[in-house]
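A short write-up of the structure that comes next.
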Amino acid sequence: MSDIADRVKKIVVEHLSVDEAKVTENASFIDDLGADSLDTVELVMAFEEEFGIEIPDDAAETIQSFGDAVKFISENS
Amino acid sequence: MRRVVVTGLGMVTPLACGVEETWTRILKGQSGAGTITQFDASHLPTTYACEIPRGDGSDGTYNPDDWMEPKEQRKVDEFITFAMAAAEQAVTDANWKPEAEADRLRTGVMIGSGIGGLQSIAETAVTLKERGPRRVSPFFIPGALINLCSGQVSIRYGFKGPNHAVVTACSTGAHAIGDAARLIMLDDADVMVAGGSEAPISEIGIAGFNACKALSTKWNDDPVKASRPYSADRDGFVMGEGAGCVVLEEYEHAKARGAKIYAEVVGYGLSGDAYHITAPAEDGNGGYRSMEAALKRAGLTPADVDYVNAHGTSTMADTIELGAVARLLGDAAGKVTMSSTKSATGHLLGAAGAIEAIFSILAIRDQVAPPTLNLEEPAVETEIDLAPLEARKREINVALSNSFGFGGTNASLVLAKVD
């Protein structure tokens, strides 16, 4: 797994208090990992912080799963 | 009007987490005061407060993880976590965690706070200033709003009745219990979880109350002596923190399910001073009128009162309240015991009225008045027994609990034994 994926996974595990094994490629933050809409806002903020990037609101809305996050960050950092 | 009784109690106080643990310690004359540990207060005029004993949850310590998932705690200010702990204790004590929708629809929540998420607001203001608006947490607002104690409790237990929150400074807890009781009396609910919560021990909280000259400052070397209501050398209140919640229930509803009944809320009075933003009217007429209104509602006379849990903050206002109580009691003054439990707990602001109502209820249950600590030299002479230093065993059938707040807002509750 890439360094980016590891770092994203760590953030997701910490913020959502979920088992690392559940954070799979297609795991949806809301449907599979118990997040609500405010949790996803906070996750995006944490990604911005960790990777020193800015994720515009329209892009943030497309980040629904662990895979989405890794893909977006890989392409934009 | 429907009768309202108390069937569950819960509290987190500077003496302990838990009702019985707190009560045992208060009767023994223990104090919750000490040098502030939550932050470095050495640069402030006041370096002490009454902090909740934090720990692993054993021996009366408070472990927030016992009451709220760590993941959820991170999203709320501490005053909400305190309220969750007190509410959980109260509904467990009352054995009221209904599964039936009909019961949930008839159960409401009214937990207030004087200030709410003060520390969260302070921290977020710094984040905003230093790092900009994009770094403000989405949980900042719902974690700091005062009515989110009631919101969070309702969500946890599915209570879908009236959901409300009181904000009347240091009268909050008493107003919440009184107003919630009225909702039951008026048939808007059968059960209400009511109380107050406060987490003001932070740099901004101490600095703010220091600035308005409300806090004690002279006892940095001996904090347990600092909260000394009625003493000639008192110099201000000692900040406390914590929460208190009661389960209020319509009398027939409680009887029908065989609930343990602690006491009845027989009277509730409210008044305004219309005088000053922080000081009470010098003749104490606001407090006098709230007590008078509460007794009128109870259908009792001053001679029926056995115990008064005073507002008694250890400020100049103590003697104003004492004068008002003495005038109200008249010839009956000599048979009443009045104490200030703030001498042991400090002043929990919006939670004070709630924990003091609970102390009044326990005074009725155990027929003992908790003591006023540090009272060796009273500022004035009075016929009223102020229970100095030691708890007073005595007959207590009717207790009056006073709470007065900044802005000139007064609330008095009358609680009575149920035979």
Exercise. Where does each of B:H276, B:H347 land when they are ordered by accessible area, with a 1.4 Å probe and the largest first?
Worked result: B:H276, B:H347
Exercise. How high is the relative contact order of chain A, in percent, with contacts defined as C-alpha pairs under 8 Å that are six or more residues apart?
Worked result: 36
Exercise. To the nearest whole percent, what portion of all C-alpha pairs in the stretch B:4-263 is separated by more than 23 angstrom?
Worked result: 53
Seminar exercise, completed: Here the convex hull volume per residue of the stretch A:1-76, taken over Cα atoms and given in Å³, is 77
Exercise. Please state the Cα pair-distance histogram of the stretch B:126-188 with 10 angstrom bins from zero: what percent is in each bin?
Worked result: 19, 36, 25, 15, 5, 0
Exercise. Of the heavy-atom accessible surface of the stretch B:353-417 (probe 1.4 angstrom), what whole percent is carbon and sulfur?
Worked result: 47
For this session: With an 8 Å cut-off on Cα pairs and a minimum separation of 6 or more residues, tell me the relative contact order of chain B in percent.
Result: 23
Exercise. Gain in length, B:K129 to B:N220, computed as 0.36 nm per residue apart minus the alpha-carbon separation, to one decimal in nm?
Worked result: 29.5 nm
Exercise. At each listed q (0.13 Å⁻¹), what is the log10 of I(q)/I(0) that the Debye formula gives for the stretch B:96-160 modelled as equal alpha-carbon point scatterers?
Worked result: -0.49
For this session: State the Kirkwood hydrodynamic radius of the protein assembly as shown in Å, one decimal place, computed from all pairs of distinct Cα atoms.
Result: 23.5
Exercise. Just how far, in whole angstrom, is the stretch B:206-252 from the stretch B:267-320 if you go by their alpha carbon centroids?
Worked result: 18
For this session: Just the number, please: carbon plus sulfur as a percent of the accessible area of the stretch A:1-76, 1.4 Å probe, no ligands or DNA/RNA counted.
Result: 46
For this session: Under a 10 Å cutoff between Cα atoms, tell me which one of B:A326, B:A256, B:A16 has the largest fluctuation in the Gaussian network model of chain B.
Result: B:A256
For this session: Note the buried accessible area between B and A here, summed over both chains, with a 1.4 Å probe, in Å² to the nearest 100.
Result: 1100
For this session: Give, to the nearest whole percent, the P(r) tail of the stretch B:217-275 beyond 20 angstrom, counting all Cα pairs.
Result: 62
Problem set entry | Accessible solvent surface per residue of chain A, calculated while the other protein chains remain in place, 1.4 angstrom probe, Å² | 54
Exercise. To the nearest 0.05, how large is the calculated FRET efficiency for A:E49 and B:D66 if R₀ is 22 Å and r is the Cβ-Cβ distance?
Worked result: 0.10
Problem set entry | Under 5 Å, built H, 5+ apart or other chain: amide partners of B:G196 | B:G112, B:G244, B:A354
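The values are calculated or read from the model by the stated rules, or taken from the named source; none is laboratory data. Just so you know, these numbers come straight off a predicted model, no measurement behind them. With ideal geometry, Cβ positions are generated from the backbone for all residues, glycine too; neighbour counts draw on all protein chains shown. Surface accessibility is based on the protein's heavy atoms, side chains included, excluding ligands, DNA and RNA. Shrake-Rupley method; radii C 1.70, N 1.55, O 1.52, S 1.80 Å.
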